[in-house]
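The values are calculated or read from the model by the stated rules, or taken from the named source; none is laboratory data. If you're wondering where the values come from, they're calculated on a predicted model, not measured in any experiment. Note that each Cβ is placed from the backbone with ideal geometry, even for glycine, and that neighbours are counted across all protein chains shown.
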Amino acid sequence: MLSRAERGCLVLADISGYTGYLAGVELEHAQDVLADLVETVVGALRPVLRLAKLEGDAAFVYAPEAKVNGSMLLDTIEGCYFAFRRRLQSIRQATTCECNACVLIPNLNLKFFVHNGEFVRQRIAGREELAGTDVIVVHRLTKNSVAETFHLNGYVLFTAACIAAAAMDPAALGMRLHRESYEHIGEVSGFVHDLEARWKDEQEHRRVIVTSDNAEIELERLFPGPPALAWEYLSDPARRMQWQTQTDRVDQFNTSGRRGVGTTNHCVHGHGTVFEEILDWRPFHYFTVRSTIPGLGAVTITSEFEPTDGGTRYRVRIEKIRARKQREQWEAMRAPFLVLLGQWYDRLAELLAQDAAARASEPEAVLRQPQPHPHAH
């Protein structure tokens, strides 16, 4: 029986510099470092993307086309890159070992190749693998001139097909046009996204977060599924409409072409419109918005996500209300507001349980558990 062709987002995450690194270091330590970093990469890409296959110093992951939008895709890839860079730092800083495998860790980097197209699932030696012309394309992209052209080691190369399928605006996102030509495939057009610059921005960007000490109220809920899944349902306008009852629509405006700092939402209810502006955006850890609520005015709210063994611990904090007039308004609306919030989160928990179960049933390659690096504790 022939396999049915599917369409989806195909992503190859490749640790760059590993061949040169391996040539000058102790093999045993190098393999420990590689296993640690691959686990970090795959862990950060899940569950938005599914593991298809480990390929030495690379991980091949994918998602059905309908499951990933441009904003979530960028958040996932950037979040993976940030986790990789932090892990490099923590391994190096946590050891006094001066073996070459430890000393040369900062020479490693991470790059991504992202394509959208068709694939089929097939069984090879008892394992399911993805096959097809587009699978070949995303692997061919690893042979490119991006590093020489743009002087980058950490980057994403999106094909034009992926950009179109994910409805991204490469110019608004600061991506640069790039073309490669391959035998039997021809010219492949794409866009380069600078992850090294994004890492620098991430380190320098000012944090805006409502802490427990500065909160008027702090609510906590345990949700099924990992933080990335809860994040998607709480930040994507289409997902919000599935659980946010008594809401007519959520209109989102992204000047940069993706959700993030500066994005505004108009949350339209029968009695008025809540205006939201994103002040801080740390996928999939927390985001902070300034919400202007009819009858109350502007309040700052942080939503925080923490992984647990059984799912996600979600905390929402509203900044302490100090102005006398606003405080009077808050006391009048506090009780019905908390009741509505409870209803929303009950519905959200149901949806997350259904989605988490569906994703858990999807096939995925098994990630071999690496041995911890002997010097990284």
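Among the residues of segment 50-58, some residue qualifies, meaning at least one is at pLDDT below 90 and more than 13 Å from the chain's Cα centre (by Cα). Listed by first and then second residue, the pairs with beta-carbon distance under 6 Å, at least 6 apart or on different chains, first residue in segment 343-355 and assigned by TED's automatic domain parsing to the domain that holds Arg315 and closer than 18 Å to Arg313 by Cβ, second modelled with pLDDT of 95 or more and charged (D, E, K, R), are Tyr345/Arg221. Put simply, of Ser212, Ser189 the only residue that is surrounded by fewer than 18 Cβ atoms within 10 Å (Cβ to Cβ) and either among the charged types (D, E, K, R) or outside the structural domain of Tyr314 (by TED's automatic domain parsing) (or both) is Ser189. The lone criterion from (1) under 23 Å from Ala44 (Cα atoms); (2) touching a Leu at 6+ places or on another chain (Cβ under 8 Å); (3) modelled with pLDDT of 95 or more left unmet by Ile209 is number (2). When residues in segment 177-201 are screened for being touching a helix residue (DSSP H, G or I) at 6+ places or on another chain (Cβ under 8 Å) and under 22 Å from Arg259 (Cβ atoms), 7 of them pass. Only one entry in Thr255, Thr288 is modelled with pLDDT under 90 and either polar (S, T, N, Q) or under 19 Å from Ala44 (Cα atoms) (or both), namely Thr255. Of the residues examined, Tyr81 is one that is farther than 18 Å from Pro226 by Cα, touching a residue at least 12 places away in the same chain (Cβ under 8 Å) and aromatic (Phe, Trp, Tyr).
The single condition among (1) of a type in the set (Asp, Glu); (2) modelled with pLDDT under 95; (3) outside any helix (DSSP H, G or I) that Glu202 does not meet is (3). Could you list, in sequence order, all residues of segment 191-213 that are among the aromatic types (Phe, Trp, Tyr) and within 17 Å of the chain's Cα centre (by Cα)? Answer for segment 191-213, where residues must be among the aromatic types (Phe, Trp, Tyr) and within 17 Å of the chain's Cα centre (by Cα): just Trp199.
Rundown of residues vs (1) without any contact (Cβ under 8 Å) to a residue 60 or more places away in the chain; (2) among the small types (Gly, Ala, Ser); (3) within 22 Å of Tyr345 (Cβ to Cβ), yes/no style:
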site: Thr288; (1), (2), (3): no, no, yes
site: Thr300; (1), (2), (3): no, no, yes
site: Phe305; (1), (2), (3): no, no, yes
site: Asp309; (1), (2), (3): yes, no, yes
site: Tyr314; (1), (2), (3): no, no, yes
site: Glu319; (1), (2), (3): no, no, yes
site: Glu328; (1), (2), (3): yes, no, no
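Among the residues of segment 220-265, those that are surrounded by 15 or more Cβ atoms within 10 Å (Cβ to Cβ), among the hydrophobic types (A, V, I, L, M, F, W, C) and in contact (Cβ under 8 Å) with a residue 24 or more places away in the chain comprise Phe223, Ala228, Leu229, Ala230, Trp231, Leu234, Trp243, Val261.
In segment 133-174, counting only helices (runs of 4 or more DSSP H) that sit wholly within it, the ones holding 2 or more residues that are more than 11 Å from Val192 (Cβ to Cβ) span 133-140, 160-165. Report yes if some residue within segment 103-119 is modelled with pLDDT of 90 or more, surrounded by fewer than 20 Cβ atoms within 10 Å (Cβ to Cβ) and either outside any helix (DSSP H, G or I) or in the same structural domain as Glu232 (by TED's automatic domain parsing) (or both); otherwise report no. Yes: segment 103-119 contains one or more residues that are modelled with pLDDT of 90 or more, surrounded by fewer than 20 Cβ atoms within 10 Å (Cβ to Cβ) and either outside any helix (DSSP H, G or I) or in the same structural domain as Glu232 (by TED's automatic domain parsing) (or both).
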